[in-house]
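Below: one structure, written as structure tokens.
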Amino acid sequence: MRYDSSSRASFGSKLGAILAAAGSAVGLGNIWRFPYETGNHGGAAFIVIYMVCVVLLGLPLMLAEFTIGRRSHASTGQAFEVLRPGSLWRWVGYMGVLTGFLILGYYSVVAGWTLEYIYQSGVGNLHGMDAAGYDAQFAAFETHPFRPLLWLGVFMLLTHFIIIRGVKEGIERYSKIMMPALFILIMLLACCSILLPGAEKGIRFLFQPDFTKVNTQVIISAMGQAFFSLSIAMGCLSTYASYFDQQVKFGHVALSVAGIDSLVAILSGLIIFPAAFSVGIQPDSGPKLIFITLPVVFQEAFHAVPVLAYLFSVAFYVLLALAALTSTISLHEVSTAFLQEKLKLRRVTAARFITMGAFLIGVVSSLSLGIWKGVGWGGMTIFDCLDYFTAKIMLPVGGLLTAIFVGWMMQRVWVKDELSNYGTLHTPYFGVYHFILRYLAPIGIGLIFLKEIGLLG
Ligand code: PHE
């Protein structure tokens, strides 16, 4: 079974492939989730484990997903069926689609928050307060019965609109401008944050590891964050890879994406923590962390020239929203392509179902932070539950099964063919890569898991 690629998007150029994959990877996961996970798990030691996960698990799994996608020419929901027809492996694909769909639901809520902050900074409401003031402002917004839902709806529609037009023109074109702009702005803001009085404490928090605080929760969280941030283990990159042509060099794309993604994450940490320590915001404030810290950074760093504070904050939130948009598009694409292929629906119809379903999940998770605060599980809101189950359970399980599939179920020559572009590229690291997929990744992820659920001392 091969999917008819003429009816859906394809990335024309190699640069297009890198940009699309980087666009998917760089998003709220780097700028919103990474800092608060780092803050919740004690700082530098978490970052060290995170980087180890990126290199030892993230890169090989990304290559494995590229292999599945390009080899099958199908989106993740169908790829396993194409490569191992009639086997139970297709459920790994279905699980990936479900994971992406659930992430899309609650991720869009936060993406909606970025639109509120574009608005608030645009009308000049993000100034003149201290950290406690911004905290109260955020709390009032987050718990408001309609506002977050309105922005969630707007964001879902934006994603929908781009998805039904196909990703090539829109995304490829503006990614080329948007990604470098975001990068430059983040670097500038990191410099500003480091120069704030008392910033050293934040820098120490980021770079001086204290491994005594490490437990399996920290390791699982770092691994989940690495998978989440790289957009792997749920079939997103394998779906994108089904649009790659034979010239695309997997190693090159994977290294670029992982490099850019990690750099943006660390730079975000360098914006948030020096500022947070400087003005006395707790690093473990959770999901609201960036929304209370950043207004302070803009205000303090540019207090001599308020117009700069204004311009920087509007520009930053616009770029953050765009970064989130390239990620929601990639999440939406996985489910849309799946419905389209599986149920033979028109792309527009498939996209409509996904948009409506994800919107509903978004509404429930957004309200669980406000008027439905009591509803949840084990002290967590529905929003927290979705984040927890997708990132800390479904992604590691997806990663484990992806590694086993490519390591053990696909023929070694196929895997090598894809990595070496049918023997035209030199791949001296193939042995290490294959070893990681066969042994290190499954055993490593498996052990961490067993330990977490208490089956292993
Ligand atoms: N990687 C994206 C981010 O960091 C989120 C994402 C996860 C996108 C999984 C696609 C798939 O924001």
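Read the figures in this text as sums done on the coordinates, not as results from a lab. These numbers were taken from a predicted model, which means no experiment stands behind them. Positions of Cβ are generated from backbone atoms using ideal geometry, with glycine treated the same way; all protein chains shown enter the neighbour counts.
Of 210, 417, the sequence from fewest to most neighbouring Cβ atoms within 10 angstrom is 210, 417. Under 17 Å of direct C-alpha separation, and excluding same-chain neighbours fewer than eight residues apart, residue 392 reaches these aspartates and glutamates: 37, 384, 452. Using alpha-carbon positions, what is the distance between the centroids of the stretch 176-242 and the stretch 107-122, in Å? Between the Cα centres of the stretch 176-242 and the stretch 107-122 lies a distance of 20 Å. Counting neighbouring beta carbons within 10 Å and listing from fewest to most, the residues 245, 130, 384 come out as 130, 245, 384. For the pair the stretch 38-84 and the stretch 370-426, the centres of their Cα atoms are 6 angstrom apart. Run down the lysines and flag those whose C-alpha is under 19 Å from the C-alpha of residue 373, throwing out any fewer than 8 positions away in its chain. Partners found: 288.
Alpha-carbon geometry of the stretch 136-287: the Rg and the Dmax are 19.1, 53 Å, given in that order.
Taking a ≥ b ≥ c as the square roots of the eigenvalues of the alpha carbon gyration tensor, the stretch 339-450 is oblate, as a/c is not under 1.5 and a/b does not beat b/c.
A viscosity of 1.002 mPa s and a temperature of 20 °C, combined with the Kirkwood radius over Cα pairs in Stokes-Einstein, give a translational diffusion coefficient for the stretch 374-423 of 160 µm²/s. Along its first, second and third principal axes, ordered by size, the stretch 27-149 spans 60, 37, 21 Å in Cα coordinates.
In this simple spin-label approximation, residue 414 and residue 247 carry label points 7 Å from Cα along the Cα→Cβ vector, and these lie 2.6 nm apart.
A simple packing score, the average count of other Cβ atoms within 10 Å per residue, orders the peptides 81-90, 20-29 as 20-29, 81-90, with the highest score first. What lysines could a cross-link reach from residue 14, if we take a straight Cα to Cα line under 29 Å and drop same-chain neighbours fewer than 8 places away? Cα-Cα hits under 29 Å: 168, 176, 249, 342, 416. Computed from backbone phi, the HN-Hα couplings of the stretch 40-50 come to 5, 10, x, x, 3, 4, 4, 5, 4, 5, 4 Hz, rounded to whole numbers (Karplus: 6.51 cos²θ - 1.76 cosθ + 1.60, θ = phi - 60°; Gly and Pro given as x). At q = 0.06, 0.08, 0.11 Å⁻¹ the log10 of I(q)/I(0) for the chain amounts to -0.24, -0.43, -0.83, computed by Debye summation with a single uniform scatterer per C-alpha, solvent ignored. Karplus-based coupling profile of the stretch 136-143, in residue order and whole Hz: 5, 4, 5, 4, 5, 5, 4, 8, with θ = phi - 60° in 6.51 cos²θ - 1.76 cosθ + 1.60 and x standing for Gly or Pro.
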